[in-house]
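Here's the structure, in structure tokens; my notes come after.
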Amino acid sequence: MMQVNLPQVVAEIEQAFADYEYALLINDIPALDRWFWYAPQTVRYGVAEVLLGGEAIRQYRKTCTPVPASRKLRRTVVTTFGTDYATVSTEFTDHTSERTGRQMQTWVRMDEGWRIVAAHVSLMA
């Protein structure tokens, strides 16, 4: 039987997501690159981009506009399945737009630790 939201796994993902968010806010590109699985199967759909593969995501990070420091998260939902798979969904706002953003990530425990294997970022109309 699949175990959902084991407390220790939830805590691990919450910490990984917090570390990712911190790297995003300070624009720590090497850290952001490490959080994504560096493989051709990795997908990141952004507000205005479709990035297929770890290399495409790394190239994008070199040229994209950093996330505003005013970014605030709300209604973050962490769901874990067993010990090696999780999703994180959140909404965000910042001072640059009246629109609410949405972000979803799929995390998988790899030999090197938790990595994002799929992500989606969008803005509500």
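The values are calculated or read from the model by the stated rules, or taken from the named source; none is laboratory data. Given the structure is predicted, the values throughout are model-derived calculations rather than measurements. Cβ placement follows ideal geometry from the backbone for every residue including glycine, while neighbour counts extend to all protein chains displayed. These area figures cover heavy atoms from the full protein model, side chains too; ligands, DNA and RNA do not enter into them. Shrake-Rupley method; radii C 1.70, N 1.55, O 1.52, S 1.80 Å.
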Just name the residue that is nearest to the chain's Cα centre (by Cα) out of those in segment 1-26 that are open to solvent by less than 80 Å² (accessible area, probe 1.4 Å) and of a type in the set (Asp, Glu). GLU21
How about segment 73-113: which of its residues are without any contact (Cβ under 8 Å) to a residue 24 or more places away in the chain, out of contact with any Ser or Thr (no Cβ under 6 Å at 6 or more places or on another chain) and open to solvent by 80 Å² or more (accessible area, probe 1.4 Å)? ARG74, ARG75, GLU98, ASP111, GLU112
Matching option when the condition is surrounded by fewer than 16 Cβ atoms within 10 Å (Cβ to Cβ) and touching a helix residue (DSSP H, G or I) at 6+ places or on another chain (Cβ under 6 Å), among ILE116, ILE29: ILE29
Please count how many residues of segment 71-125 are over 18 Å from ARG44 (Cα atoms), at pLDDT 95 or above and of a type in the set (Gly, Ala, Ser). 2
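Just need a number here: residues in segment 35-72 that are closer than 21 Å to ARG109 by Cβ, open to solvent by 80 Å² or more (accessible area, probe 1.4 Å) and within 16 Å of the chain's Cα centre (by Cα).
Narrowing segment 35-72 to residues closer than 21 Å to ARG109 by Cβ: 35-44, 53-54, 57.
Restricting the remaining residues to those that are open to solvent by 80 Å² or more (accessible area, probe 1.4 Å) gives 38, 40-41.
Now narrow it down to the ones that are within 16 Å of the chain's Cα centre (by Cα): 38, 41.
Matching residues across segment 35-72 total 2.
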